[in-house]
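Read the structure below first, then the notes.
The values are calculated or read from the model by the stated rules, or taken from the named source; none is laboratory data. Since the model is a prediction, treat every value here as computed from it, not as a measurement. Note that each Cβ is placed from the backbone with ideal geometry, even for glycine, and that neighbours are counted across all protein chains shown.
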Amino acid sequence: MESKIFDKETLLDLTVNFIPLGIILTFIAVFAVVSPWGFDIRASGIMYAVMIIMFTALGVLTYLSGKAIAGDEKTKPVYSQGQAFLDDSEPIEHEEADHDVDQNDHAVDETDDDETGAGADNEETDAESDEEVTANNDEEATADNDEEVTADNDEEATVDNDDESSKSDN
Amino acid sequence: MDESPGLSDQYRKASPWPVFVALGLPLSEIGLVFDLFPIAVGGLLLFCGSIVGLLLESEYATTMWKPLIVMSGLLGVFGGLLIVADGTTDVTLLTRAYATFAAAIVMALGVVAGKLFVPKRGIPT
Amino acid sequence: MAINAQIALTVFMGVLLIAVIAWLTRIEDWRSYSASAGGVVSQGERSEYIEQEKPAGIVRWLTTVDHKDIGILYGAYGLFAFAVGGLMVAAMRIELATPNTTFIEPAVYNSLLTSHGITMLFLFGTPIIAAFANYLVPLIIGADDMAFPRINAIAFWLLPPSAIMIWAGFFAQPLGLGFGPAQTAWTMYTPLSAGVGNDPAGGAGIDLMLLGLHLSGVAATMGAINFIATIFTQRDENVSWANLDIFSWTILTQSGLILFAFPLLGSALLMLLADRKFGTTFFLTDGGNMLWQHLFWFFGHPEVYILVLPMMGIVSYVLPRFAGRQLFGFKFVVYSTLAIGVLSFGVWAHHMFATGMDPRLRASFMAVSLAIAIPSAVKTFNWITTLWNGRLRLTTPMLFCIGFVSNFIIGGVTGVFLASIPVDLVLHDTYYVVGHFHYIVMGAIAFAGFAGIYYWFPLVTRRMYQATLGKAHFALSFIGTNITFFAMILLGYGGMPRRYATYLPQFFTLNAIATVGAMILLVGQIIFVWNLVTSWLGGKRIESGDPWNLKEDGVHTVEWQWLDRRIETALTDGGDEEPIADGGEVRTDGGTESDDD
């Protein structure tokens, strides 16, 4: 379960927090090596405590939030922000998943950016993207998804979602 | 936000108590800090009374007697602490302690009077 | 005399209490469940609510527990405080137009300085965020209301008394009550604020200010608990953690910060009050001054993020709407928001680098302060990337969002330098610091607030503001902000110290420029208020729930759907004025049709 949630994609999302963690870690190392004011248990203790506490706290929160967000992402339909219960909104696919598709990368990107498209060929692009996403999902289904979350089986996904949310809300 | 559009506007969403809780708290703070006996007593009564009103309204309590007694007791303890602390500070805290006691006693008397004179009703649970 | 005063107070309190009781009994008439009468409460809360409507007139606003009404109250209150704080600083800037005392006395200047800071941070910043959060979070996450509607109302109603107490000194002086406003600056450093000697910095004015601040802290904490409970428990079933919108994420993080920071401020304030009134010596013994600074900044630095995070949330929410695409790297923004939330508690002593604390300790705070720059920078890149190749529509809210990003970069980069100890030791307590944080609080926080106000103005009022005035407001604000605060950064490089009513003649030119900038800002804000008031009263009605044409780009969101339904149900009344929208047309900025107001 853990390794499923923290797959490559999620870790990539979390890099944003690894950088400050790395900075703090670097400073801890630097202060351990270079200490122009010597070591004093009271002052140096607090010094390390500040950094280590921050490092740990950020690490724990990153882990917990990553688990909550990536966990929900993999078990429930994902919508764009603010569109979760919009009447005509459909779940979006995971952005990064699309980049694995080697063919026709450009078209995928376009439909990804604005779901309904901007031009007159609106419907065409939509249809294309649905197909592609489904195909893509099939390929990857064995890798990380037990159930397909595609536009086709909307109903299943919603039912699944009901159970999950009632559990997690309590 | 369900199937019934705009319905949330038709809900009656009003309560008279919050504004008085928010008035009672600063009044009692000012009264206690600046040693203004009447303000302290009045503010505490207003604050505690409004909280009781809220509890009743939101059905956390069914009658006002129990919350009033609890608050009266809390104020009594607080006043007692002030008397204990009085010996250790340069400033006299006695009048402040008396103010909290006064508010506590008024509430306790209210409970006694209520128990004696207000006829029991069928209290919905 | 003293007896008479006591009697007068007693009579006053008696009359007040009787008035309250009388008013309550009158109110009981329209209340089906009355506390003392043990009325009808059998059907449970919910069914009762449907039966009755809100009372009419002013009583509705006094008694409302509806999150939307409370949001509007917060907004009106925040804007009023913004006007007060703005007029205060206008007086200060006029004084600073010349090196010597010409317009206001130094004591008045100090009072205005103190009140300007506290007003803007506690009475404008926090409430205006609560305004957005109250109105929008329940709508966006699909909750019926806040988790604790009555606590919500209490949290708001604590604010007007707290404002009166914070400003009390200004009324007390002309009334001859024997005390003036506090002159401690918003940081209230001891021993000045502890009332040593004959308490020259404000006397009872400080006591009242401390109480008022304490109250506003209580209010903020109650609000925060409410938001956390609402976001955790009241979400629509479709709103999972993975698609909780960015604004709610920032409100959640902000509420967490408030929960840890404000109670500490409250305790520190009470300790200071005890030092002043009850003869304790928390901050008067050896090390007491350092203790105050540590306690204050342990609250004070998270406070900065309490103000800026939700505003970043608004920008992250609004900016993509007018770029015609979704926010780039949505999860980066969420994770970095959380990172800022945690790290903000490990940087407080960077406000105290010059105090002579142990250099090893100082070094650790520098480390964390430099680390916290990363998440903020990440967001900036996300916003810029969202704009990249987007279909930009330069409506007024969008302009303010872009202005936010621009000002935030300047304010943020100047801040990174201050995080470095050697640089800070040179620039500490100069106008550089003032320029830096005003780029953030005015250039970024207030700008995002304006963006939010313009963006959701049709949602709240069902009318459209006047686009030309909105753009004028933006232009004046942006130019004024950059003139004023860039001049301050240069003044800081020149070594001009903060907080003085007078200065050396060598700083005259830049100070004059800053004053001119401040006046431009003032004109811009007058236009803003005029625009808001006239548009609210007589602006053009919007006809659909999509005044910004968001559907066209697929960036429509649920609060507009809510508005759509509201308009549909209320279609019978009004709606006779011809509708128009600022962002309604694609070529808004050419602005032929919407600029006719």
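Run C:GLU559 past the list (1) more than 14 Å from chain A (Cβ to nearest Cβ); (2) modelled with pLDDT under 95; (3) part of a helix (DSSP H, G or I) and report the number of the one that doesn't hold. Going through the list (1) more than 14 Å from chain A (Cβ to nearest Cβ); (2) modelled with pLDDT under 95; (3) part of a helix (DSSP H, G or I), C:GLU559 breaks only (1). Considered as a group, the residues in region C:514-551 that are free of Cβ contacts under 8 Å to residues at least 40 places away in the same chain and under 30 Å from C:GLY390 (Cα atoms) include one that is nearest to the other protein chains (Cβ to nearest Cβ), and that residue is C:LYS551. Taking the listed residues C:ALA472, C:ALA501, C:ALA446, the one that is out of contact with any strand residue (DSSP E or B) (no Cβ under 8 Å at 6 or more places or on another chain) and not in a helix (DSSP H, G or I) is C:ALA501, with no other qualifying. Here C:ALA91, C:ALA185 are screened, and the one residue that is within 22 Å of the chain's Cα centre (by Cα), among the small types (Gly, Ala, Ser) and on the phi > 0 side of the Ramachandran plot is C:ALA185. Within region C:240-297, the set of residues being at pLDDT 90 or above and among the hydroxyl-bearing types (Ser, Thr, Tyr) comprises C:SER248, C:THR250, C:THR253, C:SER255, C:SER267.
Taking region C:235-280, which residues are charged (D, E, K, R) and not in a helix (DSSP H, G or I)? Explain how you work it out, then say what you get.
Filtering region C:235-280 for residues charged (D, E, K, R) gives C:235-237, C:245, C:275-277.
Of everything in region C:235-280, those that are charged (D, E, K, R) and not in a helix (DSSP H, G or I) turn out to be C:ARG235, C:ASP236, C:GLU237, C:ASP245.
Here are some residues: C:THR253, C:THR281. Which one is free of Cβ contacts under 8 Å to residues at least 12 places away in the same chain and either touching a strand residue (DSSP E or B) at 6+ places or on another chain (Cβ under 9 Å) or not acidic (Asp, Glu) (or both)?
Being free of Cβ contacts under 8 Å to residues at least 12 places away in the same chain and either touching a strand residue (DSSP E or B) at 6+ places or on another chain (Cβ under 9 Å) or not acidic (Asp, Glu) (or both) holds for just one of C:THR253, C:THR281, which is C:THR281.
Consider region A:54-92. How many of its residues are more than 7 Å from chain C (Cβ to nearest Cβ) and assigned to a helix (DSSP H, G or I)? First the steps, then the outcome.
Start the filter on region A:54-92 by keeping residues that are more than 7 Å from chain C (Cβ to nearest Cβ), which leaves A:55-56, A:59-60, A:63-64, A:66-67, A:70-71, A:74-75, A:77, A:88-92.
Okay, now just the ones that are also assigned to a helix (DSSP H, G or I), so A:55-56, A:59-60, A:63-64, A:66-67, A:70-71, A:74-75.
The qualifying residues number 12.
Modelled with pLDDT under 85, within 30 Å of C:VAL315 (Cα to Cα) and surrounded by fewer than 13 Cβ atoms within 10 Å (Cβ to Cβ): does that describe A:ASP88? Yes. A search for C-beta distances below 6 Å between a residue of region B:78-90 that is exposed (fewer than 13 other Cβ atoms within 10 Å of the Cβ) and any residue that is in a loop (DSSP other than H, G, I, E, B), counting only pairs 6+ apart in sequence or on different chains, returns B:ASP90/C:GLY279.
State which residue is nearest to C:TYR305 (Cα to Cα) when the search covers only region C:331-381 and only residues that are polar (S, T, N, Q) and out of contact with any Leu (no Cβ under 7 Å at 6 or more places or on another chain).
Going through region C:331-381, the residues polar (S, T, N, Q) turn out to be C:336-337, C:344, C:355, C:364, C:369, C:376, C:380.
Checking the rest, the ones that are also out of contact with any Leu (no Cβ under 7 Å at 6 or more places or on another chain) come to C:336, C:355, C:364, C:369, C:376, C:380.
Working: C:SER336: 12, C:THR355: 23, C:SER364: 20, C:SER369: 13, C:SER376: 10, C:THR380: 15 Å.
Checked region C:331-381; the qualifying residue nearest to C:TYR305 (Cα to Cα) is C:SER376.
So B:PHE47 clears everything in (1) farther than 30 Å from C:TYR135 by Cα; (2) more than 9 Å from chain C (Cβ to nearest Cβ); (3) at pLDDT 90 or above except one condition, right? Which one? Tallying (1) farther than 30 Å from C:TYR135 by Cα; (2) more than 9 Å from chain C (Cβ to nearest Cβ); (3) at pLDDT 90 or above, B:PHE47 fails exactly one: (1). Restricting attention to region A:37-96 and to residues that are within 22 Å of the chain's Cα centre (by Cα) and basic (Lys, Arg), the residue that is nearest to A:ASP13 (Cα to Cα) turns out to be A:LYS67.
Kindly indicate whether any position in region C:94-111 is within 21 Å of the chain's Cα centre (by Cα), modelled with pLDDT under 95 and not aromatic (Phe, Trp, Tyr). For region C:94-111, residues within 21 Å of the chain's Cα centre (by Cα), modelled with pLDDT under 95 and not aromatic (Phe, Trp, Tyr): present. Here region C:373-401 is the region considered, the condition is being within 7 Å of chain A (Cβ to nearest Cβ) and part of a helix (DSSP H, G or I), and the residue that is surrounded by the fewest Cβ atoms within 10 Å (Cβ to Cβ) is C:ILE374.
Starting from residues that are of a type in the set (Gly, Ala, Ser) and more than 9 Å from every other protein chain (Cβ to nearest Cβ), keep the ones in region C:337-372 and report whichever is surrounded by the fewest Cβ atoms within 10 Å (Cβ to Cβ).
The initial filter retains those residues of region C:337-372 that are of a type in the set (Gly, Ala, Ser), namely C:339, C:341, C:344, C:346, C:349, C:354, C:356, C:363-364, C:367, C:369, C:371.
Still in the list and also more than 9 Å from every other protein chain (Cβ to nearest Cβ): C:344, C:354, C:356, C:369.
Values: C:SER344: 25, C:ALA354: 14, C:GLY356: 9, C:SER369: 25.
The extreme case among them is C:GLY356.
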